[in-house]
There are 2 protein chains.
Amino acid sequence: MDVRHADRIADALEELVFTGQFNDGDRLDEIRLAKQFGVSRTPIREALQRLVASGIAEQLPRRGVFVRQPGPVELMEMFETMAEIEAVCGRLAARRISDEALAELEQANDLCRAAMASQDTDAYYRENERFHHTIYAQSGNSYLAGQALRLHRRLKPFRRLQLRLRGRLAQSMGEHEEIVAALRSGDDSRAATALRDHVGIQGEKFRHLMTELRTAAQ
Amino acid sequence: MDVRHADRIADALEELVFTGQFNDGDRLDEIRLAKQFGVSRTPIREALQRLVASGIAEQLPRRGVFVRQPGPVELMEMFETMAEIEAVCGRLAARRISDEALAELEQANDLCRAAMASQDTDAYYRENERFHHTIYAQSGNSYLAGQALRLHRRLKPFRRLQLRLRGRLAQSMGEHEEIVAALRSGDDSRAATALRDHVGIQGEKFRHLMTELRTAAQ
DNA sequence: GTCAATATTTTTGTATACAATAAAGTGATT
DNA sequence: AATCACTTTATTGTATACAAAAATATTGAC
């Protein structure tokens, strides 16, 4: 457990931002954070650099670092990008996926279904993540998979809100099955479409995300 | 011109890595760099953090920061990802592009052609970039456009090698015209395919990139 | 009381000092 | 000669000190 303070603090700050402990535009005060974490400014500044690099915060030279929560527009753009990237992963995976991975997708779906039945939200999220991560990996392009993973993580706190919608879980499960079927058949454009529609936010999903965002902001 | 040392140094180091002044695995010695740039270790360390964040270098805790040049496999993956992301930009742009932007694409193509005729390599690169950046922007998704731009920049040094291939420029111009035609017709899948094929590396292009890489490594 | 000019405080950015860990060197033992 | 323990050196990570810029407070004129 001998990890650099800077890394530990960066993770902690990320978590704080993601869980809504900071509002958009809040200044991340070095001295205050240093006292809070019981370290000097140096590791705090390194951690802040990491937040800036990952787009969670913004740096104004000689002014400070400010948290930057995505607004509705940017959030929509990020979800659209995620949908398109997952579609690409699916397109490539349809031609490259292994039988083992197909089995893993189905297993993840089974466990998702079980989690849904037993109201085990955590398990559902875990298996849902495994499902998507497997598709990223099966794109056969680890750079692309890394990018997908990165954005997936960035959107995590917002996806959480989204899935509370009544009946959404059952619909999501059906979409997962269509995705697996498309991948199994090797139909790349079908897989791309299925994933794009699954991840994308339109119609009811969009309306719901907006209301959730409004309430979360207060 | 009152810019932070750390930012200036990060840009300089990026440039040094991109222009091949460092080999894969080279350690970026803080003390040496500090003397070289005439500053203390502090801004050097901030700059190194930025390189690590952007994937140009890797950090091993309590060991140092090492430059990480992509090998042939990762490079192919990055080019494939670039091709797919450009395809996505094209797919979205086909439905969203403005008449002004279409005119700008054609102007960029005209200037590309002129640059080709007068052997003005710099002008060619400049207009080629404008062509692609315009398509990113016309995706109507500024987050996606930002990601595309980021990867485009990362691949810049390698694209330079690639385009030296005799006759490649003329072929590239033809592909540009097909892309514009697809965008003008609003045919999203045609635009996606045209861009994917244009950016992707297959057949002769692949073989050529590999030999260029081999010679560049020495 | 308001506004501008100036002084004070705060905060960032950089330099330096120090502590902890890893790497390199040294010598004894087999 | 090779290997292991131990010492020395070098390098990273963190703390602190200082300089410069920005933010804030204070003073004085009107």
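The values are calculated or read from the model by the stated rules, or taken from the named source; none is laboratory data. Values in this document were obtained by computation on a predicted structure and should not be read as measured data. Note: ideal-geometry Cβ built from the backbone for every residue, glycine included; neighbour counts use all protein chains shown. Ligands, DNA and RNA are stripped out before the accessible areas are found, and what is left, the full protein with its side chains, is counted by its heavy atoms. Shrake-Rupley method; radii C 1.70, N 1.55, O 1.52, S 1.80 Å.
Checking the condition open to solvent by 70 Å² or more (accessible area, probe 1.4 Å), at negative phi and among the charged types (D, E, K, R), which residue from A:R91, A:R8 passes?
Just a single option satisfies the conditions, and that option is A:R8.
Give the residues of the stretch B:43-62 that are within 11 Å of DNA strand C (Cβ to nearest atom) and in contact (Cβ under 8 Å) with a residue 24 or more places away in the chain, sorted by residue number. Let's see the steps before the verdict.
The first filter runs over the stretch B:43-62 and keeps only residues within 11 Å of DNA strand C (Cβ to nearest atom), leaving B:43-47, B:60-62.
B:P43, B:I44, B:E46, B:A47 - these are the residues of the stretch B:43-62 that are within 11 Å of DNA strand C (Cβ to nearest atom) and in contact (Cβ under 8 Å) with a residue 24 or more places away in the chain.
Restricted to the stretch B:124-148, and to residues that are under 19 Å from A:V73 (Cα atoms) and either of a type in the set (A, V, I, L, M, F, W, C) or at pLDDT below 95 (or both), which residue is most open to solvent (accessible area, probe 1.4 Å)? Walk me through how you get there before you give the answer.
Just the residues of the stretch B:124-148 that are under 19 Å from A:V73 (Cα atoms), to begin with: B:136-148.
From what's left, either of a type in the set (A, V, I, L, M, F, W, C) or at pLDDT below 95 (or both): B:137, B:144-145, B:148.
Working: B:A137: 62, B:L144: 5, B:A145: 18, B:A148: 0 Å².
If we take residues in the stretch B:124-148 being under 19 Å from A:V73 (Cα atoms) and either of a type in the set (A, V, I, L, M, F, W, C) or at pLDDT below 95 (or both), then B:A137 is most open to solvent (accessible area, probe 1.4 Å).
If you scan the stretch A:68-79, which residues turn out to be surrounded by 14 or more Cβ atoms within 10 Å (Cβ to Cβ) and either under 17 Å from A:R159 (Cβ atoms) or near DNA strand C (Cβ under 10 Å from one of its atoms) (or both)? Spell out how you get there, then give the answer.
Going residue by residue through the stretch A:68-79, those that are surrounded by 14 or more Cβ atoms within 10 Å (Cβ to Cβ) are A:68-70, A:74-79.
Listed by number, the residues that qualify are A:Q69, A:P70, A:E74, A:L75, A:M76, A:E77, A:M78, A:F79.
Kindly check whether there is at least one residue in the stretch A:97-112 that is under 30 Å from A:F22 (Cβ atoms) and either under 18 Å from the mean Cα position of the chain (by Cα) or crowded, with 18+ Cβ neighbours inside 10 Å (or both).
No, there is no match, as no residue in the stretch A:97-112 is under 30 Å from A:F22 (Cβ atoms) and either under 18 Å from the mean Cα position of the chain (by Cα) or crowded, with 18+ Cβ neighbours inside 10 Å (or both).
Tell me yes or no: at least one residue of the stretch B:157-168 is farther than 27 Å from A:G140 by Cα and in contact with a Lys or Arg (Cβ under 9 Å, 6 or more places away or on another chain).
Yes: one or more hits.
Somewhere in the stretch A:95-118, is a residue part of a helix (DSSP H, G or I), more than 20 Å from B:S139 (Cα to Cα), within 14 Å of another protein chain (Cβ to nearest Cβ) and in contact (Cβ under 8 Å) with a residue 24 or more places away in the chain? Show your work before the answer.
Initially, the stretch A:95-118 is screened for residues part of a helix (DSSP H, G or I), giving A:95-96, A:99-117.
From what is left, the residues that are more than 20 Å from B:S139 (Cα to Cα) are A:95-96, A:99-117.
Still in the list and also within 14 Å of another protein chain (Cβ to nearest Cβ): A:95-96.
Add one more test, that the residue is in contact (Cβ under 8 Å) with a residue 24 or more places away in the chain, and what stays is A:95-96.
Yes: one or more hits.
Quick one: count up the residues across the stretch A:14-57 that are touching a helix residue (DSSP H, G or I) at 6+ places or on another chain (Cβ under 8 Å), within 14 Å of DNA strand D (Cβ to nearest atom) and away from every other protein chain (no Cβ under 12 Å).
Qualifying residue count for the region: 8.
Can you name the number of the only condition in (1) within 11 Å of DNA strand D (Cβ to nearest atom); (2) open to solvent by less than 50 Å² (accessible area, probe 1.4 Å); (3) within 11 Å of another protein chain (Cβ to nearest Cβ) that B:V65 fails?
Evaluating B:V65 over (1) within 11 Å of DNA strand D (Cβ to nearest atom); (2) open to solvent by less than 50 Å² (accessible area, probe 1.4 Å); (3) within 11 Å of another protein chain (Cβ to nearest Cβ) leaves (3) as the failure.
Run A:E58 past the list (1) open to solvent by 50 Å² or more (accessible area, probe 1.4 Å); (2) under 30 Å from A:K205 (Cα atoms); (3) out of contact with any strand residue (DSSP E or B) (no Cβ under 8 Å at 6 or more places or on another chain) and report the number of the one that doesn't hold.
Just one mismatch for A:E58, condition (3).
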